[in-house]
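Any read-out appearing in this document is the output of simple, stated calculations on the displayed coordinates, not a laboratory observation. Quantities reported herein were computed from a predicted structural model and do not represent experimental measurements. Methodologically, a virtual Cβ is constructed for each residue, glycine included, from the backbone with ideal geometry; neighbour enumeration extends over all protein chains shown.
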């Protein structure tokens, strides 16, 4: 019985970590088709909804929207490449150390890559 209680506590604590910790500023590093991705995203979480903005190497900020489902975080924002509008979708999970890792999908180019993100504040 004691083992079950400890396991239940750990599972709940891990789920609570993800649900309570997405708000803040995240530094994102990734790679899409050999192109480096470096962004800073400021995220606000209200229940399971995310809002905020992301800024890459340029000074332009892009509005962010997304959701949290347990430890899974999904968010999107716009972008631009050589004058063409982009839609970037990030989907990942937060591990026990608080690092968010997952994939980036870029439309309309239909390319994808990987990213990791650490919370700065």
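Worth pointing out:
- Highest mean packing comes first when the peptides 29-35, 60-66 are listed by Cβ atoms within 10 Å, giving 60-66, 29-35.
- Extension gain for the segment residue 33 to residue 118, taken as residue separation times 0.36 nm less the Cα-Cα distance, is 28.4 nm to one decimal.
- Along its principal axes, segment 31-121 has C-alpha extents of 36, 22, 22 angstrom, given from the largest down.
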